[in-house]
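Chemist: One structure coming up, written as structure tokens, with questions to follow.
The values are calculated or read from the model by the stated rules, or taken from the named source; none is laboratory data. Quantities reported herein were computed from a predicted structural model and do not represent experimental measurements. Neighbour counts run over all protein chains shown; Cβ positions are idealised from the backbone, glycine included. Each accessible area value is taken on the protein alone, full model and side chains, heavy atoms only, with ligands, DNA and RNA left out. Shrake-Rupley method; radii C 1.70, N 1.55, O 1.52, S 1.80 Å.
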Amino acid sequence: MRKIIIDTDTGSDDAVAILMAMFSEEIEVCAITTVSGNCHLEQATKNCLQTLEIANTYYPPVYKGSHKPLFRDLFTAKGVHGEDGMGDQSLIHPTIKHHDGHAVDKILELIKKYPYEIEIITLGPLTNIAKAILLDKDTMSQVKQIYSMGTSGLGPGNCTPVSEFNVYVDAESYKVLLESGIPMTIIGFDICLGDSALQRKEIDLLMESENKTAHFAIQCNQRLYQYNLENTGQEFIDLPDPIAMGVLLWPEIVEKELKTHAKVMTNQDETYGQVIFYGDKRLVLANQYQSLDKNVSLVTKINHALFKTKLINILKNSQKNST
Ligand code: RIB
Ligand code: CA
């Protein structure tokens, strides 16, 4: 049984990714750790607890982590996911509580308990992971794999022209991870748009289903839907974190990957949070970059139809007695 830790800034797309994990019998979620990003740590933690109650399958411990980035002030995405990070639909009233203990300590504890078995999926800024590496690099070197929803991949940024939100919030933490040597699979924002996003007909399909979990997955993304409509004129819900979870759960959806060297910009100017990938053979200087260590595997293409079929199935067929 695969053992995973989910590190999340539980906004509305994170919530769908958590639901996917909680209904997947091929993995065991050993813990969920929360971090400030889409919303502040306290809200992200409440959102996570509520999502576990909606799933109502089993209840991994939820540990609170970093309330702000390593060095910078916190920058959130309330305009995108809502004040509460979950669409401002009055959905968040958890009755369960988080567990005592700091996320960073608990991540290290689990890796010591299960050396070379733990896979970590990061759905928010990397502050907790970076702190764990800085605190105990040897233990973190025993992480089996990190799947990271982050960077803009080979496309434009969604936060600035060159940087994606999870990296932009805390690029210094991303740098710590990229330089750690931990095996890393990156799912960039570029593969989360277009046909990979839920379109109007798929949104309606889930809302018309009998399943409360499916309704919750759409309702909590209402602000994201409105944000997209206001900014693009198109009706869709992009799901970056569920795609990252899909890559972890269903590797068969991955059609192309690029083993490459990645470097993140942390200078405090227009390029802050930009992640440069050096593996593109079309580059005039590509040969010069061949000697750089290939520290990441970047997913550059997924089978979006297969991803959405699996996602919709798991949401529509999740247990009927979910709250
Ligand atoms: O850029 C998209 C990422 O930023 C997603 O993880 C979303 O939840 C936000 O955290
Ligand atoms: Ca997220």
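Chemist: Do we have any residue at all in segment 299-309 that's within 27 Å of residue 29 (Cβ to Cβ) and of a type in the set (S, T, N, Q)?
Modeler: Yes, the conditions are met somewhere in segment 299-309.
Chemist: Right, here's the next one. Across segment 1-17, which residue is most open to solvent (accessible area, probe 1.4 Å) among those that are out of contact with any Ser or Thr (no Cβ under 8 Å at 6 or more places or on another chain) and in a strand (DSSP E or B)?
Modeler: 2
Chemist: Here is a further query. Out of the residues in segment 191-203 that are without any contact (Cβ under 8 Å) to a residue 60 or more places away in the chain and either within 14 Å of ligand 1 (Cβ to nearest atom) or open to solvent by 60 Å² or more (accessible area, probe 1.4 Å) (or both), state the one that is farthest from residue 53 (Cα to Cα).
Modeler: In this case the residue turns out to be 193.
Chemist: Condition test on residue 286, is it farther than 30 Å from residue 220 by Cα, open to solvent by less than 40 Å² (accessible area, probe 1.4 Å) and modelled with pLDDT under 95?
Modeler: Here the answer is yes, as residue 286 does meet what is asked.
Chemist: Can you tell me which condition residue 212 does not meet? The list is (1) under 21 Å from residue 88 (Cα atoms); (2) within 16 Å of ligand 2 (Cβ to nearest atom), and all the others hold.
Modeler: Failed condition: (2).
Chemist: Residues of segment 232-247 being more than 14 Å from ligand 1 (Cβ to nearest atom) and at negative phi, which ones?
Modeler: Matches in segment 232-247: 232, 234, 235, 236.
Chemist: Could I ask something else about it? Out of 68, 106, 144, report the one residue that is closer than 22 Å to residue 37 by Cα, of a type outside the set (A, V, I, L, M) and in contact with a strand residue (DSSP E or B) (Cβ under 9 Å, 6 or more places away or on another chain).
Modeler: Sole residue among the options that is closer than 22 Å to residue 37 by Cα, of a type outside the set (A, V, I, L, M) and in contact with a strand residue (DSSP E or B) (Cβ under 9 Å, 6 or more places away or on another chain): 106.
Chemist: For segment 204-245, give me the residue count where each residue is among the small types (Gly, Ala, Ser) and open to solvent by 10 Å² or more (accessible area, probe 1.4 Å).
Modeler: 2
Chemist: Something else: Please list, ordered by first then second residue, the pairs with beta carbon atoms under 6 Å, 6 or more apart or interchain, first in segment 1-23 and within 21 Å of residue 317 (Cβ to Cβ) and away from ligand 2 (no atom under 13 Å from the Cβ), second in a loop (DSSP other than H, G, I, E, B) and modelled with pLDDT under 95.
Modeler: Matching pairs, first to second residue: 23/318.
Chemist: I need the helices (runs of 4 or more DSSP H) fully contained in segment 218-323, keeping only those with at least 2 residues that are without any contact (Cβ under 8 Å) to a residue 24 or more places away in the chain.
Modeler: 222-232, 286-289, 304-316
Chemist: Quick test for you: out of 181, 157, 124, 153, pick the one residue that is touching a residue at least 40 places away in the same chain (Cβ under 8 Å) and away from ligand 2 (no atom under 16 Å from the Cβ).
Modeler: Answer to the selection: 181.
Chemist: Please determine, by comparing only the residues of segment 113-154 that are touching a helix residue (DSSP H, G or I) at 6+ places or on another chain (Cβ under 9 Å) and farther than 17 Å from residue 180 by Cβ, which one is surrounded by the most Cβ atoms within 10 Å (Cβ to Cβ).
Modeler: 124
Chemist: Take the conditions more than 15 Å from the chain's Cα centre (by Cα), within 16 Å of ligand 1 (Cβ to nearest atom) and in a loop (DSSP other than H, G, I, E, B) and apply them to residue 73. Does it pass?
Modeler: In short, no.
Chemist: Within segment 32-69, which residues are open to solvent by 40 Å² or more (accessible area, probe 1.4 Å) and over 14 Å from residue 220 (Cα atoms)?
Modeler: Of everything in segment 32-69, those that are open to solvent by 40 Å² or more (accessible area, probe 1.4 Å) and over 14 Å from residue 220 (Cα atoms) turn out to be 40, 42, 56, 57, 58, 59, 64, 67, 68.
Chemist: Mind checking which residues of segment 18-34 are outside any strand (DSSP E or B) and either farther than 18 Å from residue 94 by Cα or away from ligand 1 (no atom under 12 Å from the Cβ) (or both)?
Modeler: Selection gives 19, 20, 21, 22, 23, 24, 25, 26.
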